[in-house]
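**Q** Input: one structure, supplied below.
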Amino acid sequence: MIFRCARGAALAVVLMLGGQAASAWADDPPPLETYSAMPAIEFMELSPEGALMARITVVGEERALVVTRLATGEHLAAAVVGEAKVRDLRWIGQDRVLIVTSQTRAIPILGVPKSELYFGLVMDLRTRKFAQVLSRTDGVLSVLYGPASVRPTDDGQAIFVRGVSVEGNNRVDLYRVDPASGRGRSVTDMDWDVSDYVLDADGQVIATAEYDDRRRRWALKLAVSRNRFSETWTIDAPVDTPALLGMGRTPRTIIVSAHRPELAVDGSGAETGYLLFEVNVDTGEWTRLPFEHHPDSLVHHPRTRLLVGGARNADDGVRYEFLDAPTGARWAAIERAFASKAPQLVSWTDDLKKVVVFTDVGESGLYQIVDFDRGVADILADAYPAIPAAQVGATRSIRYEAADGLEIHGYLTLPPGAEKAAGLPLVVLAHGGPASQDVIGFDWWAQALASRGYAVLQANFRGSTGYGLAFMEAGYGEWGRKMQTDLSDGVRWLAEQGWVDPERVCIVGASYGGYAAMAGPTLDQGVYRCAVSVGGVSDLRRMVSWEASQGARRDSQVVRYWNRFMGAEKLNDRALDALSPARLAQTADGPMLLIHGRDDTVVPIEQSRIMANALRDAGKPVELIELAGEDHWMSRAETRQRMLAEMVRFLETHNPPD
């Protein structure tokens, strides 16, 4: 099928600009606020039958739910969500919409420290009234413990979510919630050891996973009857555990991600470590899924909830592989229509005849709806309407060898309009995680820096995900060591190509990337003129001790995870001091800017305060900026804007682009 656009000329212009670099440097880049602003659209969901569209719009700090009739453009409902951080949006039948938000709060009555807590609100489009999920549920907090699922029942659509008991009975049962009132009733008994579960299409729990932190054992339990389960498989899992990933290709199968190389009879897939298996609930039989490429995420049918395919991050964008032939044929038609744009699946109707796709390769982000019956692709909205495609810097995939010969993959973003790279000033932008990865597509940090004249390197250093188990394991114990030099090896390779000026390089990052930024001038000297850390870890030993103090045991799975990646033998291992920038402040050979949110519940703000004090005591130049009301993820527009403005000011002072 060949799609045409209902606004064909507009689409033609967008696609043309997205695929071609401007012939000259952009004279007037957009203001920095256009990059640091929240995307104009955060979520977009088609109603099950496809007549309506729900979306979360953002203006400044305010979010609103808007529901529109697609055929006429009529707004059926609009409700201000306010400054709440919206985390999810989905339909409950045709007449209600579920919004999941989060707040940074503590629960004193349960002894829970300040955490990111999740809440659910249901809007009834007929009455325009809201109901809070789990409200009016006796003995249960109106806080969502884990994701919410929507399923049809004999009494209509219902929400299924776990709730935290306040009665001191160690219960976090699964509740079936009436979307009209928000009241829930317990349908499956669960305690804190239940780490995950799988619902079938009718809302019945058909499998659970349990993790015993003291014994370090993970167990799979399959349903024998309603609310009764039988343990069918266990494995020792001190750090990495298997995972339940929803229903399989049939109603009585589930998907399990597990390290079981003995079941890969052909020996393939061992490089991924964790393979994907379909497990029969009735027989307990395991079958490896026939994906050609190991997916990073799975795709389930919107109505049946059955597995139909998967998605992976490729060098040129997200790529899909469908196990269901009809669905695969539909997606192939979409990929042909959006050739070279790597379209991403956002939402689709129950009959799969309308699909919302998102593209951000060579552009700042465009939502379109594909209508198979009409053969039309209509433009819906821009993610960053103030950043035209001509102002988006070209991003190219690169590969280079680290000092020990390991191949490192990454991306280089050039200033908008730059036809070639030659002697450019460089910013190394290190990703968080560290078990994460950078992908191609519009990155507001990278594009903001590129718009100011910098080339930007985003390297997927060893320890990153997406390149197989061996590559991630190569990062264990390499904080401040090879994970760090993988970045500076990239700088040297770019300089050898003549693309960047090795005398004009700074390093920037957030979370683990913030650690890498601080480690640049302290552990990998002579490479960077300056460093900017956002929410970074500066004292590794204190960081692990803080994790252990957050309600976890001294030898909990969380502590074991940190120790393995950092290379520690035990809690409070003094060997970590040699890898901690705060303990090496006197060696810093460049100025640092430290930015941290006061509501950060992942990396405590004391990590930046410790670093700032250490640098001051050592007589080294440092600035510390604390962001009131900001979390670990830069979720607020006002603080994002300040963070980006201060970062660019600092970079232009210590590493001017011209």
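**Q** Using a 1.4 Å probe and ignoring any ligands, DNA or RNA, find the accessible area of Ser340 and quote it in Å² to the nearest 10.
**A** 100
**Q** Ordered by packing density, taken as the mean number of other Cβ atoms within 10 Å over each peptide's residues, highest first, how do 523-535, 398-410, 249-261 rank?
**A** 523-535, 249-261, 398-410
**Q** Given only helices, namely DSSP H runs of n ≥ 4 each adding -39500 (n - 2.57), what is the per-residue ellipticity at 222 nm of the chain, to the nearest 500 deg cm²/dmol?
**A** My calculation for the chain gives -5500 deg cm²/dmol from helical runs alone.
**Q** Got a sec to turn the phi values of region 173-190 into Karplus ³J(HN,Hα) couplings, 6.51 cos²θ - 1.76 cosθ + 1.60 with θ = phi - 60°, whole Hz, x for Gly and Pro?
**A** 5, 8, 10, 9, 10, 6, x, 6, 10, x, 6, x, 10, 5, 10, 9, 6, 8
**Q** OK, next. Give the separation of the Cα centroids, region 361-375 to region 404-455, in Å.
**A** If you average the Cα positions of each part, the centres end up 26 Å apart.
**Q** Quick one: Karplus J couplings for region 437-447, per residue in order, coefficients 6.51, -1.76, 1.60, θ = phi - 60°, nearest Hz, x for Gly and Pro?
**A** Per-residue couplings from phi come out as 7, 8, 10, 6, x, 5, 10, 5, 5, 4, 5 Hz.
**Q** Near the amide H of Ala106, under 5 Å away, which other amide H atoms are found, from residues 5 or more places off or on another chain, if H is placed in the peptide plane?
**A** It is Ser115, by chain and number.
**Q** By how many nm would the segment from Asp202 to Asp373 grow when fully extended, if each residue of separation counts as 0.36 nm and the alpha-carbon distance is taken off?
**A** The span from Asp202 to Asp373 would gain 58.6 nm if fully extended.
**Q** Can you tally the net charge around Ser142? Count Lys and Arg as +1, Asp and Glu as -1, for every other residue whose Cβ sits under 14 Å from the Cβ of Ser142.
**A** +2
**Q** Which of the following values of mean projected area of the Cα convex hull in nm² was calculated from the structure shown: [x] 28.4; [y] 53.4; [z] 30.2?
**A** [x]
**Q** Testing the spin-label approximation: label points 7 Å from Cα along Cα→Cβ at Phe130 and Glu292. State their distance in nm.
**A** 4.7
**Q** Tell me the net charge near Ala582. Cut-off is 12 Å between Cβ atoms, Ala582 excluded, with +1 for each Lys or Arg and -1 for each Asp or Glu.
**A** Once all neighbours under 12 Å are counted, the net charge is +2.
**Q** I've got another one for you. Using alpha-carbon positions, what is the distance between the centroids of region 271-295 and region 203-270, in Å?
**A** 10
**Q** Between Val500 and residues 5 or more places away or on another chain, which pairs have amide H atoms under 5 Å apart, with H built 1.01 Å from N, and which residues are they?
**A** The answer is Gly423, Leu424, Ala495.
**Q** What is the sum of charges, Lys and Arg at +1 and Asp and Glu at -1, for the other residues whose Cβ falls under 10 Å from the Cβ of Gly597?
**A** -3
**Q** For region 505-583, what's the relative contact order in percent, using C-alpha pairs closer than 8 Å and at least 6 residues apart?
**A** 29
**Q** While we're on this one: How many angstrom separate the Cα center of region 487-521 from the Cα center of region 595-631?
**A** 22
**Q** Now for a separate question. Check Ala77: other-chain or 5+ apart residues with amide H under 5 Å from its amide H, H built from backbone geometry?
**A** Val67
**Q** Something else about it: Taking 0.36 nm per intervening residue step and subtracting the Cα-Cα distance, what contour gain separates Asp501 from Asp212 on full extension?
**A** 98.8 nm
**Q** Rounded, prolate or oblate: which fits region 535-606 when a ≥ b ≥ c are the square roots of the eigenvalues of the alpha-carbon gyration tensor, with rounded for a/c under 1.5 and prolate only if a/b beats b/c?
**A** Here region 535-606 falls in the oblate category.
**Q** Karplus couplings for region 69-75 from phi (6.51 cos²θ - 1.76 cosθ + 1.60, θ = phi - 60°), rounded to Hz, Gly and Pro as x?
**A** Calculated HN-Hα couplings, in order: 7, 5, 5, 10, x, 6, 7 Hz.
**Q** Where both residues lie in the chain, what percent of DSSP beta bridges are antiparallel, nearest 5?
**A** 85
The values are calculated or read from the model by the stated rules, or taken from the named source; none is laboratory data. Owing to the predicted nature of the structure, the values given are computational and were not obtained by experimental measurement. No Cβ is skipped: glycine too gets one built from the backbone with ideal geometry, and neighbour counts run over all protein chains shown. With ligands, DNA and RNA removed, areas are computed over all heavy atoms of the protein, side chains included. Shrake-Rupley method; radii C 1.70, N 1.55, O 1.52, S 1.80 Å.
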